[in-house]
1. Where the eigenvalues come from the Cα gyration tensor of the stretch 231-283, what are the semi-axes √(5λ) of the equivalent ellipsoid, largest first, in whole Å?
2. Compute the distance in nm between two label points, each set 7 Å from the Cα along the Cα-to-Cβ direction, one at Thr230 and one at His503.
3. Aspartates and glutamates within cross-link reach of Lys439: Cα-Cα under 19 Å, excluding same-chain residues under 8 positions apart?
4. Could you sort the peptides 335-347, 24-36 by per-residue average Cβ neighbour count (10 Å cutoff), highest mean leading?
5. Just to verify a number: what accessible area does Ile136 come out at with the full protein assembly present, 1.4 Å probe, Å² rounded to tens?
6. Amide H to amide H under 5 Å from Gln234: which residues, 5+ apart in sequence or cross-chain, H placed 1.01 Å off N in plane?
7. Go through the stretch 238-251 residue by residue and turn each phi into a ³J(HN,Hα) via Karplus (6.51, -1.76, 1.60, θ = phi - 60°); whole Hz please, and just put x for glycine and proline.
8. Got a number for the accessible area of Thr612? Probe 1.4 Å, square angstrom, nearest 10.
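The values are calculated or read from the model by the stated rules, or taken from the named source; none is laboratory data. Since the model is a prediction, treat every value here as computed from it, not as a measurement. All Cβ positions, glycine included, derive from the backbone under ideal geometry; neighbour counts span all protein chains shown. Keep in mind that these areas ignore ligands, DNA and RNA; they rest on the heavy atoms of the full protein, side chains included. Shrake-Rupley method; radii C 1.70, N 1.55, O 1.52, S 1.80 Å.
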Amino acid sequence: FIVYLEVHLSVTSDLCVTPLGLERDADLQLLLVGGELLKVRSSSWKKNRFYKLQEDCTTMWHESHRTFKRNQTFSIDEIESVRKGRQSEGLQKHTEAHVEDRCFSIIFKGRRRNLDLIATSAEEARQWVNGLEKIISNMKKLNSQQTSEHWIFNCMRKADKNKDNKMTLKELKHFLRQINIEVDDMYAEVLFAKCDKSNSGSLEGPEIKHFYDLLIYREEIDVIYGKYATTGEQMSVKDLLNFLLNEQREVATMEDAVRLIERYELDDSAKQKNHMTKDGFLMYLHQEEGSIFNPAHKEVFQDMSQPINHYFISSSHNTYLMEDQLKGHSSTEAYIKALMKSCRCVELDCWDGAHGEPIIYHGHTLTSKVLFKDVIKAIKEYAFKTSEYPVILSLENHCTLEQQKLMAKHMISILGSALLTSPLEDQMPTAFPSPQDLKGRFIVKGKRLNKLDAVFSNTSPGVEEDCVSEEDEAPYAKENTHKSKIKLAKQLSDLVIYCRSVHFSGFEHAKDNQAFYEMSSFKESKAVNLAETAVNAFIHHNMTKLSRIYPAGSRTDSSNYNPVPLWNAGCQIVALNFQTPSKEMDLNQGRFRSNGVSGYFLKPDFQRYPGTEFDPTTLTKGPWLKRKTFHIMVISAQQLPKLNKDKCKSIVDPLVKVEIDGVPADTCSKETRSIENNGFNPMWNETFQFDIQVPELALVRFLVEDYDSTSQNDLIGQYCLPLTSLQNGYRHVPLLTKHGDVIPSAGLFVHLMLLDAK
């Protein structure tokens, strides 16, 4: 039946064993044949292992010499990127420069360790890298419907145990468990008998096609399509426009409807009549036009010419850590992962290292150490791959004078002209430049020996002065006592332009004494207290200055605090532990999903302009009150992943939670009932209503969980976005893992309506 599926599934070219356009590709053929590569784990652990791409072109097989794991596989979907050369921390540390052109690394999503490999020749390394990149690129081009079919196809391949291209009743039951459906024997037998027209005891050819059609049938799509398809059994261009205007609430024209038919209709005869079949309609719903997320917000759409303190800025705390705050691994990879997620403010805890080279680690703990210069090199390489907007280097400086001078030298030599070393203006500035002005630039945040005016008056700060370290986050350190004093080198001080760190002594003191470029960092307890007791003063403070918030030192497990109350108070740099999957990181990813994933999100007017009386806790009348009623129907889900893949009979019992996070009056959560033993196509058809007071600060989070009556529910997938970035109507919601990576075949189907409150 595999051969039949390859020929008959709806998007045949993308479901063939060899991806479209790569049938005779030499690089891909090398991967399919396989070969030996030298696996590198340390300077002393380097061993040959055989690697081979499976025929499905979605799975990589490799040998293992472990006793109970002789053969292992990983999915191409698990790969985040492939790097050519000695571009990983492991290869830089454990290999010599002369093997540079034979090296490459496979970088995985989440916390999985990188796979560092050395090929036998530079040409072979090039082919491995090119072949893998072509496969990854091909899979990314699949739309969600094609990805779904690809997934079903691969599950069918696995279910065909004896590879005879037929499906027995036993194999059918195994396949249904693979795709996360638990059915009783009677239902499986009825389904099998309905398809086994030949009464041969196995399905093949058209019988498998019939089984496949029964499997992917979606009743809810039939109902929607039937309601609007008034031209025979097909939807005319007028019908489609009617759907776009009345159901999707879009500002659409006849030309827009024609464009959708031309782009997504699969049937040429229907396309010639400007009609859309049910298959074309489903294809459209699976595209970005049918997604919950407004496609216009995938690009930078906000005004980026305002002062930088007018934006929320995606920010990381102790960026160097891959794990916890006490014994965790420090790595350049942590910076790369954060930057690739559009983090625009990274932290560097700098200490004296051996051989005169400054290092980065969590001081007074057992976390490992990484060289300062290696971190700067990694930042230089990856800072602007996801976003072109400025990156703030938040220095926590504990170094002696000599190593501080070396820190300054490294930043100047490595970052070059991208490092901001003087104000953009020719005279003393009175306000921050904009993200647009600072594109591609690095801004150093830290202590400075004198005021910024000195740059224009040519006055010398004199001798190096004692400065108090901004944070002392060792978990056993007493709060506010014995803060370490260090001497500050002029060379490092001079690199601090728009982000001079100063102690916070109250809002009135800051208003009267602080320049716009002087900013304070607040530990979470202090910031939360201010957001609760003096929120309007906090908002006004943030209209002219930057504020950075960081987690409590007691969070040794790298857990996170809720960023929403701090955003409500107008705080820009709300730093989180990016390495820790959590609701808080889901919210952060949701907040910065919009505006082109730039890492900058313009604050609402009422958080930016003087005279505002906005208070998120009391909500007095003002321009912030734009009351909305949010109606949502959770209709169904498709292809939810199995959580326990080792147990064949383990099937999820999914439920859906819909959460609103924003001002306290808007924060709310509602959930559906759970569906027993169906992760493939569960259907709820449950409706909820939320009353929203301040939509510009609201985030919507979808959470799909596996219900458990005896313990905490397990996460299946999640998705978060700003309320102002969602589209009305029937929409598909993609689902992400706890690490924020897309689950390729899974999703929710919902109906949304965000209306002005009556």
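1. Numbers: eigenvalues 58, 23, 19 Å².
Value: 17, 11, 10 Å, ordered largest first.
2. That separation, rounded to one decimal, is 7.4 nm.
3. Cα-Cα hits under 19 Å: Glu299, Asp303, Glu381, Glu388, Glu425, Asp426.
4. Details: 335-347: 23.5, 24-36: 15.2.
Going from most to least packed, we get 335-347, 24-36.
5. Around 20 Å² of this residue is reachable by solvent.
6. none
7. Here the 3J(HN,Hα) series is 5, 4, 5, 4, 4, 5, 5, 6, 8, 9, 7, 6, 9, 8 Hz.
8. Thr612 exposes around 20 Å² with every protein chain in place.
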